[in-house]
């Protein structure tokens, strides 16, 4: 979906149409969650601090996000997808991979299906979507970003290699901003430059991601569309209006955020988490995490909150103060079964 | 406050008690040694709140006083100084310390001695004496079997039970249990306590090689060990020790007598081929033959060895954790040992065949169930 949250706001409130809109808080520490295309002309982007956005675009209208409404529309959109295939892998509220190799309406062209889906979304929700069509996830995702808004971009198998060769590293899905910068510094500007590097070289430079980069610059991506992606972690975080400095305040906040995060954990499909992590972002944006892995799995609120609180110690406080705290759970697995070969225990 | 002391003498005494100090202690002042001078007598204290060690030495001093000195800097300085008298001058207002040697001058910041936690002193104590050799044998024989499980604190220490005729030391991690008994140490009343592992580890490292008398005093909450010029005070584990007597079987009638050295080296070789998580080895006793084997199905590793033994009882096959057996046998001095078994799912008992008259060692180990028996 194009500028999803902002488009929804413009859809529901005609007064916002044609105007620069930012969804997000406009307090000192708010960030832009989504910007309308009108706002983007002024350089307003998502994840930008609201204060900076307001400076760049003085007429910018801030709207508080309404997640229940976005979710509602997201479900309507997903229902459209399911009319064509069950192989839908949602990436977020407004993005999903669809495998239409075999589809419910027996249409042989993915491009035609994409067109139909776009039309249906427009009819049913009034929102505009962009689609990318290709023969693997990486290419489809890259294509979907090509001509937003209202885009429909196809990368055919015979064009793929040439397409990727010309693609600047910044545009590769899966190469982040920092990695892209590193690559540019090392003289790798496009897929073509990336292709010149050996697998060993890329692995040496970028660790495990090296293999992925090696593949995608050759337009190779064997990942399948996974309709039910397992949740890997559930978390909640809060940025504070003012930095906090006192141990008692930190513990109180961890308690509060842990409870919110636990709520989410219970509502999610995930269960049997073993690792609790707290994230602390200091006044100077330095970030640390502390985690603890426990056996058996953590499934009750008391334990959850208590472990989260125990992870923060006075030593972690400093004069810069804390601007953000996050609490999350991960490592979802069944408790280990006892070994078939068992060490016997004395019965005291 | 000012005093003069030999650098190597001070280093020797500090090294004896330094082990107590932890990196990153709960209370930062515990990174310091507490120096107290009284009539030319220097008392140095190190502590981690649970365990404290104190040493005394004679120094040249005109006045009394006290100061907390950062342990790490002081020790490193002393280690790197050639033997010589060094002078400590302490400013009692700023707690700054100046050390003067032939080589030069070193300044460091100390802390107020009154901030150093108070070390408990013995009161309503009960005393018993034993030789350093007895104590270190008792520690060596038991400490390795203590548990790391913080959820069962009682088992993280060694249980010491004084009786009118003997003294018993017991350690267990619930998979194995060691009972070490001395008849040459006794008390006129029954007493028992659990001494934490850390204190015993420190004691083991500090006890002198030469035969020395160790005076052990204790009350309900602390134990005090006194020898040479060193004193150790530790908080006892305030828990109930498991009822160990009940789990020691008395009817293990399947006896295997085997050369300890042969069995130990065989187990060390076989263990290499055992599963890396269970460390399981099989002992198969048929007549007077003891077959030791292990396999790791994940890697297609396997090994077999044969030993001769004296065997009295039915043929039997039983599995054990090789690491446990190796550790236990490594702590037995005897040339020959007896393994007493009853069934593949019941505890095995190892005892030495030749031992001092004053001591009695019993090592119990629980089996690892073999696959074909589950």
request  = List the relative contact order of the stretch B:126-246 as a percent without decimals, with contacts defined as Cα pairs under 8 Å and 6+ residues apart.
outcome  = 28 percent
inquiry  = Could you compute how fast the stretch B:326-374 diffuses translationally, taking Rh as the Kirkwood radius over C-alpha pairs and applying Stokes-Einstein at 37 °C with viscosity 0.692 mPa s? Give it in µm² per second.
reply    = 271 µm²/s
remark   = Distribution output for the stretch A:159-213: share of Cα-Cα pairs per 5 Å bin in percent, first bin at 0, values 4, 22, 32, 30, 10, 2
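When N is the residue count of the stretch B:126-246, what does its C-alpha Rg come to as a fraction of 2.2 N^0.38 Å?
Normalised Rg, Cα atoms only: 0.98.
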ask   = What percent do you get for the relative contact order of the stretch B:272-374 when only Cα pairs under 8 Å and 6+ apart count?
value = 23 percent
request  = Taking the Cα atoms of chain A, report the difference between the largest and smallest coordinate on each principal axis, in whole Å and largest first.
outcome  = 70, 60, 46
query = For the stretch A:204-348, how big is the tail of P(r) above 27 Å, as a whole percent of Cα pairs?
reply = 43 percent
inquiry  = Restricting to Cα pairs below 8 Å that are 6+ residues apart, what does the relative contact order work out to for chain A? Please round to a whole percent.
reply    = 11 percent
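Run the helix sum for chain A: -39,500 (n - 2.57) per DSSP H stretch of 4+ residues, divided by residue count, reported at 222 nm to the nearest 500 deg cm²/dmol. Walk me through the numbers before you get to the answer.
Values: 13 runs with 131 residues, N = 348.
Taken over chain A, the calculation gives -11000 deg cm²/dmol.
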key: Whole-angstrom gap from the stretch B:295-362 to the stretch A:146-194, using each part's C-alpha centre   = 66 Å
inquiry  = To check my understanding: the extent here is largest minus smallest coordinate of the Cα atoms along each principal axis. What are those three numbers for the stretch A:53-108, in Å, largest first?
reply    = 51, 23, 16
Cα shape, the stretch B:177-327, gyration tensor, a/c 1.5 rule = prolate
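Can you check what the Kirkwood hydrodynamic radius comes to for the stretch B:49-121, Cα pairs only, in Å to one decimal? Can you show the working numbers first?
Working: mean 1/r = 0.0717 Å⁻¹.
Here the Kirkwood hydrodynamic radius works out to 13.9 Å.
Quick one: order B:290, A:204, B:200, A:87 by neighbouring beta-carbon count within 10 Å, fewest to most. Write out the running numbers ahead of the final one.
Details: B:290 22, A:204 11, B:200 27, A:87 18.
The most exposed by this proxy come first: A:204, A:87, B:290, B:200.
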key: Euclidean distance between Cα centres, the stretch B:207-266 to the stretch B:43-95, Å   = 33 Å
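Averaged over every viewing direction, what's the projected area of the C-alpha convex hull for the stretch B:2-115? Give it in nm², one decimal, please. Display every interim value, and only then the final one.
Details: hull surface 25.7 nm².
Mean shadow area of the hull around the Cα atoms is 6.4 nm².
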ask   = How long are the three semi-axes of the equivalent ellipsoid for the stretch A:1-138, computed from the Cα gyration tensor as the root of 5 times each eigenvalue, in whole Å, largest first?
value = 32, 14, 13
message = Please report Rg (one decimal) and Dmax (integer) in Å for the Cα set of chain B.
response = 25.4, 80
key: Hydrodynamic radius of the protein assembly as shown per Kirkwood, over alpha carbon pairs, in Å   = 32.8 Å
ask   = Starting at 0 and stepping by 5 Å, how many percent of the alpha carbon pairs of the stretch B:278-374 end up in each bin?
value = 3, 12, 22, 26, 20, 10, 5, 2, 1, 0
query = How many angstrom separate the Cα center of the stretch B:145-199 from the Cα center of the stretch A:1-74?
reply = 70 Å
key: Helix axis angle, B:260-271 relative to chain B longest principal axis, alpha carbon, degrees   = 90 degrees
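Can I get the semi-axes of the stretch A:1-49's equivalent ellipsoid? Compute them from the C-alpha gyration tensor as square roots of 5 times the eigenvalues, in angstrom, largest first.
On the way: eigenvalues 58, 25, 18 Å².
They are 17, 11, 10 Å, listed largest first.
A short reminder: the numbers here are calculations on the coordinates, not readings from a lab. Keep in mind it's a predicted model, so treat the numbers as computed, not measured. Heads up, the Cβs are rebuilt from the backbone with ideal geometry, glycines too, and the neighbour counts pull from every protein chain shown.
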